[in-house]
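Notes to accompany the following structure.
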Amino acid sequence: MRRASLRSRAGAVPRVKLPRLSVRDRLLGLCLGLVAVFGSANLLLGFLVDSNERMQEEQQGRYRRFEIIQATDQALALYRHTGGQFTSAALLKNADQEASARASWGEAGHNLNTELGRLSSFDPASVAIIKGALDEEPKYVDRAIAALLKGQQDEAAPILAELQRRLDLIENTLDAASRHEHAMAEEFQRRERERVALSMRIATAVILVAAIVGVLLVLLVVRSIIRPLQTTTNAIRQVNAGEFELDLPPISHDEFGDMALALRQFRDNAEKLRRLAYQDPLTGLGNRVLLEESLQAAIDRSRGSRDQLSVFHLDLDNFRAVNERLGHKAGDRYLCEAAARLRRFIPPEALLCRYTGDKFIMLMEGLGNDPAIEQRMREAANTILRGVAEPYAFGGHLLNMSISIGIALFPADGESVEQLISSAEAAVYVAKKAGRNNARFAGAQLTGLARRQMALVGDIRRGLEMGEFEVYYQPIIDAVTRRVAAAEALLRWNHPERGLLLPGEFVQTAEDAGLIRQLGERCLTMVYGQLAQWRKAGRSIHVSVNLSARQVQDDNIIGWLAELRGRNVDTADLVEFELTESVLFDNSANTLKILEEIRKLGFRLGLDDFGTGYSSLSYLQRLPIDKIKIDRQFVSGMGISKQAMAIVSATLALARNLQLDVVAEGVETAQQVDMLLRYECRLLQGFHFAPAMPAVEFERWVADFDLAPA
């Protein structure tokens, strides 16, 4: 399954030169530009409105001139009418009518002068002509009336003709003024129509240009913002969707450039976090998290396509021996070499992950429904076996490398991640039991023992979490004083289904599964807690606790023991450790150093099951041992076998020479007690005295035993 990459699809990051304007500056420029454009348009439109108002005022002025001309013409008509009435009254020689007519004529003349004054405001030339014609008119009227009254018609005729000429001149002048104003009004209207049409065209053009400029300006600025914003938003959506192939925006000199840089930093950090989350730091392979996610995705795809997939559980053989002999740094290099070889020899389309410790898992999917799929998987397994099985030169050592393979197929061997991995793990267990450096399929080839062992490992883990393990105590008796000299702490498992289990039923499985450290730490912690309770009750008992070779080879044991001893100062000197003879097979300087460090912390060391090994005597003097335990098989054979008697006798003599304490375990009869006392072995342990008991029963038993007569 191809792993997702955090690189952008574009590869190298392009640096695009954009205007050195921030988004804020661009928006500010847009606002100012729009204000300038529409402000200019508004000013121009305002000018056109003002011009129109001025033209309207001028038009109204034209109307007022027409009104003045018309009013002047009416005043002139009234003046002529009252003048005629005055002339008629004068000719009739009616004094009253004449006086009244003269008054009316005078008033009409006054009104005419008023209108002429208004007319002079825009047509003084016509007013001058009219006034010139009106100035002598009363004289001419009086002369004409006088001549007519005297009957001098001949003299009155030229006077009346002159008077008529003057009146005609006035009318003609007013008529000319009216025509002139009409002509001016028509010209004004023509120009007004042209001006209005021009104003409309200009206004339309101004609005159109302003709109176009505004739209272009908005598009220009918005485009410079929207496009990078969309790119940035898409990148953020991809991040939120969990994608890692990002379409990243280019780096520019604005806020979007800052966002693009931040996204790149986020991508880089996400890549680092992804490596931490999905990559094994030692080998560079995918880790357990990546495996489980990839396997679940492959299962989902296979359900849809009905294709098979396979899971290879690859477990290095004898890796613990490399760690124990050469140390963890050498073990790390050994693991890296194994990972490199696996990379070379697995199929190209397979996904390889480090599952845990020295275990790897390979996933292959898209295998179709080929009936010969097992043969294909066997060929792939054989290729891996041959490729890995080459000696590995490390320093001055030539290390053999091999691997055991368990193969599980979907859906035959499991339909979930847990089931497939469990089936493959059980199959690799069968491969190791069959001699290692081979491959086994899950399913029909999987034995019931493998299933039980895998289930037992899970039960041990659960039992540790649920606190199902308990410490039992078996007394060690000083047969001379008939008092309890010490006790041995023995771990028991209160299994919820199988009842009480002895160490032989789960310790070896815990060793194989790497759980012995947790069991040992749990046991020692409970022992210290029990010793503290006994100390409060006024009783001090030395307790021996088993320490496996695997625990001795743990680099962290010294620090942990020092911390535990520091937390239990009052009972620190009451605990001693018993080592199995398997420690003797590792005669490395590191093991000897660790044992010396344990003794420096104040712990006594004993050697359990002494005599069952092949090289105990030759190595015994090199180990910092304080006591030895004679194995139960020699104690039980003392009355039957001369060889057993000889071994017990030789062991006791050797212990005296090396100034070591000796405990005989497995004592079951009074005859064995007597024989051991004859050989001066006074510390005895076995069912003859008491079995291992829970702490409460042990307390009661010790109290009763101490009260019993010696």
Requested in this report: From ASP478, ASP555, grab the single residue that is acidic (Asp, Glu) and under 47 Å from the mean Cα position of the chain (by Cα).
Outcome: ASP555
Query raised in the report: Across the stretch 341-392, which residue is surrounded by the fewest Cβ atoms within 10 Å (Cβ to Cβ) among those that are within 21 Å of PHE319 (Cβ to Cβ) and of a type in the set (Asp, Glu)?
Result: GLU390
Query raised in the report: Would it be correct to say that ALA434 is buried (at least 16 other Cβ atoms within 10 Å of the Cβ) and small (Gly, Ala, Ser)?
Result: no
Query raised in the report: Looking at (1) under 30 Å from LEU27 (Cα atoms); (2) modelled with pLDDT of 70 or more, which is the one condition that is false for ASP300?
Result: (1)
Report task. Search the stretch 107-122 for residues that are assigned by TED's automatic domain parsing to the domain that holds GLY83 and more than 22 Å from GLU58 (Cβ to Cβ) and pair each with any residue that is surrounded by fewer than 18 Cβ atoms within 10 Å (Cβ to Cβ) and at pLDDT below 80 when their beta-carbon atoms are under 8 Å apart and the residues are at least 6 apart or on different chains. Result -> LEU116/LYS131
Query raised in the report: From the list GLU521, GLU563, which residue is part of a helix (DSSP H, G or I), free of Cβ contacts under 8 Å to residues at least 12 places away in the same chain, outside the structural domain of GLU425 (by TED's automatic domain parsing) and not hydrophobic (A, V, I, L, M, F, W, C)?
Result: GLU563
Query - The listed residue being in the same structural domain as ARG682 (by TED's automatic domain parsing), among the aliphatic types (A, V, I, L, M) and in contact with a Cys (Cβ under 9 Å, 6 or more places away or on another chain), out of ALA489, ALA510 - result: ALA489
Query - Close pairs (6 angstrom Cβ cut-off, 6 or more residues apart or separate chains): more than 14 Å from ARG678 (Cα to Cα) and assigned by TED's automatic domain parsing to the domain that holds ASP626 in the stretch 641-657, of a type outside the set (Val, Ile, Thr) and at pLDDT 85 or above anywhere - result: ALA644/PHE634; ALA644/GLY637; ALA644/MET638; ILE647/PHE634
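Among what's in the stretch 531-552 and is aliphatic (A, V, I, L, M) and under 19 Å from ARG325 (Cβ atoms), pick the residue that is farthest from the chain's Cα centre (by Cα).
Residues of the stretch 531-552 that are aliphatic (A, V, I, L, M), as a first pass: 531-532, 537, 541, 543, 545, 547, 549, 552.
If we keep only those that are under 19 Å from ARG325 (Cβ atoms) too, we end up with 549, 552.
Working: ALA549: 45, VAL552: 43 Å.
Only one residue fits best here, namely ALA549.
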Query raised in the report: Within the stretch 275-323, which residues are in contact with a Pro (Cβ under 8 Å, 6 or more places away or on another chain) and not in a helix (DSSP H, G or I)?
Result: GLN308
Query raised in the report: Can we say ALA211 is farther than 30 Å from GLN74 by Cβ and of a type in the set (Gly, Ala, Ser)?
Result: yes
Query raised in the report: Does SER416 count as in the same structural domain as ARG303 (by TED's automatic domain parsing), hydroxyl-bearing (Ser, Thr, Tyr) and surrounded by 15 or more Cβ atoms within 10 Å (Cβ to Cβ)?
Result: no
Requested in this report: Determine whether the stretch 288-304 contains at least one residue that is under 20 Å from ARG436 (Cα atoms) and aliphatic (A, V, I, L, M).
Outcome: no
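The values are calculated or read from the model by the stated rules, or taken from the named source; none is laboratory data. Being a predicted model, the structure only gives us computed values, none of them experimental. Cβ atoms come from the backbone with ideal geometry, glycine included; neighbour counts cover every protein chain shown.
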